1. How much net charge surrounds ALA112 when only other residues with a Cβ under 13 Å from its Cβ are counted (Lys, Arg +1; Asp, Glu -1)?
2. Within a Cβ distance under 13 Å of PHE57, other residues only, what is the Lys/Arg minus Asp/Glu net charge?
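Nothing in this text is a laboratory measurement; each read-out follows from the coordinates by a stated rule. For clarity, every value in this text was computed on a predicted model and none was experimentally measured. Positions of Cβ are generated from backbone atoms using ideal geometry, with glycine treated the same way; all protein chains shown enter the neighbour counts.
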Amino acid sequence: MTEGGNTYRPKWKNGGILLSSSVAITIFFLIGLTTSQSSHLKTHVDYRGANLKFVVFHNPPFDTFIRNPNGTFIFYGVALNVLQWMAANFNFTYTLVAVNQTLVDTFGTHEASFYQLINDKVF
C-alpha cells in the first residue's frame, strides 16, 4: 500500500505533468515500442528522472482508492504495480494526485479525471 502523502514526491523545477494512469501506460508502451523498433529491440527508455503526476481514483476490482479524513489517501492495485515497474524501467519518478471529489460528484469518476487532466494545473 502506498499513502498519497508519502509517495515519491521529489521536487522537479518544472512541476511535472499530470497524466491518467491508463493514458500514461498507453503512451509509455507506444514510446517504448517505437524506440525498441528503431534501435534493435532496445527495451530501456530513459526519461532522465522526470517527475510525472498521475490522477488516481477508485476503480474496483483492479485499483482501490481510500480517502482519509485528514486529506491524505491510500491507493493500491494493478495500476500502481504497473506504474512502479514503469518508473523503475523508464527512469522517472511520480506523484499520485487524488481526483477532485467535487468533480466526481458533478461529472462521474472517469469524466472528472479527464476534466482535471485538461483544466487543472496541479503542482
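1. -3
2. With Lys, Arg at +1 and Asp, Glu at -1, the neighbours total -2.
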